[in-house]
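The values are calculated or read from the model by the stated rules, or taken from the named source; none is laboratory data. Everything quoted here is computed from the prediction, not taken from an experiment. Because the Cβ atoms are built from the backbone with ideal geometry, glycine has one as well, and the counts that use them run over all protein chains shown. These accessible areas exclude ligands, DNA and RNA; they are computed on the full protein's heavy atoms, side chains included. Shrake-Rupley method; radii C 1.70, N 1.55, O 1.52, S 1.80 Å.
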Amino acid sequence: EIECIITNHNYLTEYIFGDYQKIQVINDNQIKVFVTFYSLSKSKEFVLKFGSDIEIIKPLNLKEIQRESALAIINR
């Protein structure tokens, strides 16, 4: 299960990404998303497509994957 805050993509309230999805509008610019994916690759794909517009709250291992991806880009 992923819990995250996404900024600048409020149109996402109209999309279904995975199972047990819940979207909470925080303000005009941010939404909080709770969604379950059944594979790590789908979770990574979801997180990485939002670049710096996503803050992962949990799981922490996915946050580490995001950090490693950002560092790989910087090091290129």
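Which value, in Å², gives the accessible area per residue of the chain when a 1.4 Å probe is used on the protein heavy atoms?
Per residue, the chain has 68 Å² of solvent-accessible surface.
Just to compare against my own numbers: the Cα pair-distance distribution for the chain, 10 Å bins, whole % per bin, please.
19, 55, 23, 3
Run down the aspartates and glutamates and flag those whose C-alpha is under 20 Å from the C-alpha of Lys42, throwing out any fewer than 8 positions away in its chain.
Glu1, Glu3, Glu14, Asp19, Asp53, Glu55, Glu64, Glu68
Ignoring ligands and nucleic acids, what accessible area does Lys44 show with a 1.4 Å probe (Å², nearest 10)?
Near enough 80 Å² of accessible area.
Can you list residues whose amide H is under 5 Å from Gln21's amide H, if they're 5+ apart or on another chain and H is modeled 1.01 Å from N?
Here the answer is Thr36, since their amide H atoms fall under 5 Å of that of Gln21.
Counting pairs of alpha carbon atoms under 8 Å apart in space and at least six apart in sequence, what relative contact order in percent does the chain give?
It rounds to 37 percent for the chain.
For the pair Thr7/Glu68, report the inter-label distance in nm, with labels modelled 7 Å from Cα in the Cβ direction.
Here the answer is 2.6 nm between the modelled labels.
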